[in-house]
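Presented below is the structure to which this report refers.
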Amino acid sequence: MNFVTEIDPKKNVVIQAGDILNGISSIIAAVGSILTGLLFENRITMVIKKLYDIDSRLRNHPRWINYDLIRRFAYACIICTFNSWIYFLISYMLICSKKWFICFGSWVLLFSITKIFDVNLIRFVIHMSLIWHKLCVVNINITQLSKERITYPNSLSSLKEIQKINTLESLKELYEDILNIGEELSSIYSFSLLLIITNQFVSIFSSLYNCFFGYYIDGEFIQPNSIQDLLVPLLSLIHPGGQLLATTIICQLTISECKRTGKLIFRIPVTRTNKTLIKRINFFSLHILHKKFDITACGFFDINCSLLLSIVGAVTVYLVTFIQFDLAARKQMGQ
């Protein structure tokens, strides 16, 4: 773990520059989150009203999914964020050698204020989880339609076919409205997500770099030689890593659930005589085919599990490059 045996002034400059870059990116992300909240608060309120209207329409269908999972997920996000603040404070106070009130003030400036965007990110994740929940309700009702058996032509079966057509049309309208709300949420949070994910990338790389090469606390350079010395960079790594993981997973689940609808509608049983239902299914499938739903950060990149893999790959490449430079420098110093 310990790659540095002597304090290299050039390396100290690199570490300080990394900390400054991390702090600047955190401040920019916090400012972007505040601006998003101020500029788009009315739009977010309208989105919440639309989600409530979607709920009332979905409850008219036979199948429904309660909010227990979403509620637990929201509580988990809030608790994890609060715990990361407390644990980081404890580890910071244990390592800091100055007076406790100076360390506490530094913690507030370095961590709490620059992490204002956590609130904005939690709101986005919870709102996107609601979109995922409603797509699940639509899909489970489409699945219910596919389980209905085809009966022989009579007055009762004709009535059931008409009811099935009306239900499918209602689910199609709900599906379109849910995707429109999802696109509006993506556009509202797009700019702040770009800044937040950029800050998460910088924070993850800086934390891993500090684990290997050391870090500064209140102007004092600390070379990691024990588990206690690694507490601060590791906790700094867990916080943005957990945020990035939750964001990419919920976005991936929402996109996957959106695509699953196109497969479920073709499982609805039809007869050759019921041309109206066949046309409705084909029209629904064409709409899904041409309606591409993606969650992006200002169009720079898609937010899904592939983004997580890209960040892991980029951090690994940069970290290995820095380690190679360090080994080369040590070899040159030894010569």
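Projected label points at ASN180 and ILE27, each 7 Å from Cα along the beta carbon direction, are separated by 4.2 nanometres. Calculate the FRET efficiency for ASN282 and ARG72 from the Cβ-Cβ distance with a Förster distance of 45 Å, rounded to the nearest 0.05. The pair ASN282/ARG72 has a calculated efficiency of 0.70. Take 262-270, 39-47, 25-33 and order them by the average number of nearby Cβ atoms within 10 Å per residue, most first; the result is 25-33, 262-270, 39-47.
Which of the residue pairs LYS50/LYS147; LYS50/LYS279; LYS50/LYS160; LYS259/LYS279; LYS160/LYS263 have a Cα-Cα distance greater than 26 Å in the structure shown? Distance filter (> 26 Å) returns LYS50/LYS147; LYS50/LYS279; LYS50/LYS160. For the peptides 78-86, 66-74, the ranking by packing is 78-86, 66-74, with the highest mean count of neighbouring Cβ atoms within 10 Å listed first.
Of the residues LYS164, LYS147, LYS134, the one with the fewest other Cβ atoms within 10 Å heads the list, and the complete ranking is LYS147, LYS164, LYS134. As a calculated quantity, the FRET efficiency between LYS147 and LEU289 at R0 = 30 Å, using C-beta atoms, amounts to about 0.75.
Coordinate-derived values only; no laboratory data. Just so you know, these numbers come straight off a predicted model, no measurement behind them. Glycine also receives a Cβ, built like all others from the backbone with ideal geometry; neighbour counts cover every protein chain displayed.
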